[in-house]
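Shown next, in structure tokens, is the structure this report addresses.
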Amino acid sequence: GLLRARRVILFPERAEEYGSEQQLNKEIRAFIHDYLDVDPFYEKLASYYVMFTWLYDLFENLPYLRALGDYGTGKTRFIQTIGVMCYRPMLVSGASTTSPIFNIIDMFNGTLVIDEADFSNSDTDNEIIKILNIGYYKGGVVLRAEKDPNSETYMPNARDVFGPKILATRKLFTDRATESRCLTKRMSTARPRPGIAYTLGTDFWNRSQAIRNKLLMYRLRTHKPMEINHALADNSIEPRLNQVTLPLLTLIEDPEMRQEIWSFVKAYNEVLISDRRMTFPAMVVQALANIQAHPQKTLMGDVRDFSM
């Protein structure tokens, strides 16, 4: 209807032959390369994520893709290029009110593609953070008080917000739990690679439509119960990162690509740890640890003064 006509929600038109999974992945990667300037690793990661979104409902948990950067770094192009190929992409902006976002996710169960996911209003921020913090696992619902159309009363309603999400933000999330669910690409202020169009024309929309058609056939052929390969887990990183990364890795058979993803996730894990060390509670804990390890010597003996 109107949402489709205005490219808020995109669907395939029909199921089309795609050849092998490798050929399909190569076509997705070529589309990303032609319209988005990111490093080769993230091109590959994003291409696998696109395919993952078409099978996401087979898994209990999932990660999000996120572009992080200031104005003019290509965040919008990031979510547009990757998002249009995903399963039922729902393209919204940070300027949208939250009620329609809840309703669209619950109604279409697709991939939320949200630009400028930074919110100045704390109430709105809390609502969107609920979607992000709960929407990574199957069965995650948000309870909302919504007006009954037949009366003036408000009734509780459960909205299903589980599904893939592609985000663009200018800053880190204040909620570290949200950060741990994202596979983040830090965007560069450098000019895009020569040959990348500054605007998206008819060719962009036609090619993405053709890829969605092939991905529909991929879903029809591949959609069957899958078991998470827990042997792929890496105990050196946070459990949450393992939890959201393993479903994606289960779909990837290339051992070299698996290793590249783990290297990326390990580096991101170090960033999360480093960021936590800079928080005020972390500084307090560090000060207490220093006092405990190096007590002051007085005539009364060892003194551990935790009021410092």
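So the values come out like this:
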| quantity | calculated |
| --- | --- |
| Residues of segment 5-60 that turn out to be over 28 Å from T73 (Cα atoms) and free of Cβ contacts under 8 Å to residues at least 12 places away in the same chain, as a count | 5 |
| Lone unmet requirement of (1) in a helix (DSSP H, G or I); (2) loosely packed, with under 13 Cβ neighbours inside 10 Å for K171 | (1) |
| A117 being surrounded by 22 or more Cβ atoms within 10 Å (Cβ to Cβ), modelled with pLDDT under 90 and under 13 Å from the mean Cα position of the chain (by Cα) | yes |
| Answer from R240, R212 - the residue that is in a helix (DSSP H, G or I), modelled with pLDDT under 90 and either among the basic types (K, R) or buried (at least 17 other Cβ atoms within 10 Å of the Cβ) (or both) | R240 |
| Residue selected from segment 66-96 under the condition crowded, with 21+ Cβ neighbours inside 10 Å, out of contact with any Gly (no Cβ under 9 Å at 6 or more places or on another chain) and of a type in the set (D, E, K, R), by the criterion farthest from V38 (Cα to Cα) | R66 |
| Filtered residue count, segment 149-168, keeping only those that are of a type outside the set (V, I, T) and not in a strand (DSSP E or B) | 7 |
| Residue satisfying condition, being in contact with a Pro (Cβ under 7 Å, 6 or more places away or on another chain) and either without any contact (Cβ under 8 Å) to a residue 24 or more places away in the chain or closer than 30 Å to K266 by Cβ (or both), within set R181, R186, R193 | R181 |
| Matching residues, segment 180-209, being open to solvent by less than 80 Å² (accessible area, probe 1.4 Å), outside any helix (DSSP H, G or I) and basic (K, R) | R181, K185, R193 |
| Test: residue in segment 75-88 that is assigned to a helix (DSSP H, G or I), more than 14 Å from M187 (Cα to Cα) and over 18 Å from the mean Cα position of the chain (by Cα) | no |
| Qualifying residue in segment 91-102 (condition: out of contact with any helix residue (DSSP H, G or I) (no Cβ under 8 Å at 6 or more places or on another chain) and closer than 14 Å to I9 by Cα) | yes |
| Qualifying residue in segment 40-50 (condition: open to solvent by 30 Å² or more (accessible area, probe 1.4 Å), assigned to a helix (DSSP H, G or I) and of a type in the set (F, W, Y)) | yes |
| A177 being small (G, A, S) and either open to solvent by 40 Å² or more (accessible area, probe 1.4 Å) or within 30 Å of R14 (Cβ to Cβ) (or both) | no |
| Every residue from segment 52-68 that is of a type in the set (S, T, N, Q) and closer than 22 Å to R186 by Cα | T53 |
| Qualifying residue in segment 59-67 (condition: modelled with pLDDT of 95 or more, outside any strand (DSSP E or B), closer than 22 Å to I196 by Cα and not small (G, A, S)) | no |
| Residues of segment 246-262 that turn out to be charged (D, E, K, R), open to solvent by 70 Å² or more (accessible area, probe 1.4 Å) and assigned to a helix (DSSP H, G or I), as a count | 1 |
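The values are calculated or read from the model by the stated rules, or taken from the named source; none is laboratory data. Nothing here was measured: the structure is a model prediction, and the numbers come from that model. Here the Cβ is made from the backbone with ideal geometry for all residues, glycine too, and neighbour counts use every protein chain on show. The area values use the complete protein model at the heavy-atom level, side chains included, leaving out ligands, DNA and RNA. Shrake-Rupley method; radii C 1.70, N 1.55, O 1.52, S 1.80 Å.
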